[in-house]
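*Asks:* Right, I'll just put the structure down here and ask away after.
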């Protein structure tokens, strides 16, 4: 069992003391506007430990649960990556973007008035099951040693990518607030929610992109138990002070 730092942790000092022997994991609630690597870099500085890695990228615009492994626990990153994920998703119908989210400008605007609520819901629900997805142009996929998003931002021609087979286990709590559609999705590892948003727009014939994305759980781990970077900074500052007093 990997020692876990979360809101359920009653003694952060004990968690820190276990790092040298077994390593540990941290449940982080990532804020919007920062990358998953930014989170790892901040934790490296807070803990003064180089061996830290996250178990599944979140887009810069996305928020929510990020599991970060520390020390020897980095060997278990793949185990966390295998777990199913749950997200709260908001998409906008009637336009698309190059990044399939709000990072890039809207283009190809189309009317949506002809779509009934029932039709929108039916199409969204039709993505439950085993589906084929193409990664977004702005993604962390490696092509020829380069990240796809780096190539896209430089305006380089992007090579065709193979489709991925993923599973969407459930889409629930669908809410319409035209042109926005909100829902919860539970899916397998490797599922691109931005691709799901894009493909829903294609199926409806009006285009769509993700406007909000929050990862709410990874396997049995929930974002309600996760700590923000600010909270973690306070945790570690307090624990360093306690360690100094006890020397």
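The numbers here are math on the coordinates, done by the rules we state, and not lab data. Quick caveat, the model's predicted, so the values are computed rather than measured. All Cβ positions, even for glycine, are placed from backbone atoms using ideal geometry, and neighbour counts span all protein chains on display.
*Asks:* As an exercise, take the mean of 1/r over every pair of distinct alpha carbons in the range 14-72, invert it, and state the Kirkwood radius in angstroms.
*Replies:* After inverting the mean inverse Cα-Cα distance, the result is 11.6 Å.
*Asks:* On to the next question. Report D for the chain in µm² per second (integer): Stokes-Einstein, Kirkwood Rh on Cα pairs, 10 °C, 1.306 mPa s.
*Replies:* Result for D is 82 µm²/s.
*Asks:* Also, I was wondering about something else. Taking only Cα atoms, what is the 0 to 90° angle, nearest 10, from helix 229-245's long axis to the longest principal axis of the chain?
*Replies:* Compared with the principal axis, the helix lies near 0 degrees.
*Asks:* Quickly estimate the mean residue ellipticity at 222 nm for the chain, helices only: each DSSP H run with n ≥ 4 gives -39500 (n - 2.57), and the total goes over all residues, rounded to 500.
*Replies:* Theoretical 222 nm ellipticity from helices: -8000 deg cm²/dmol.
*Asks:* Along Cα→Cβ, 7 Å out, is where each label goes; now give me the distance between the ones at residue 231 and residue 167 in nm to one decimal.
*Replies:* Modelled inter-label distance: 3.1 nm.
*Asks:* Could you sort 42-53, 216-227, 65-76 so that the peptide with the highest average Cβ count within 10 Å comes first and the rest follow in order?
*Replies:* 65-76, 216-227, 42-53
*Asks:* OK, next. Return one number: the angle in degrees, 0 to 90 and rounded to the nearest 10, between the long axis of the Cα atoms of helix 193-204 and the longest principal axis of the Cα atoms of the chain.
*Replies:* Roughly 10 degrees between the two axes.
*Asks:* Continuing with the same structure: So how far apart, in nm, are the two label points at residue 1 and residue 108 if each is 7 Å from Cα heading toward Cβ?
*Replies:* Rounded to a tenth, the inter-label distance reads 5.1 nm.
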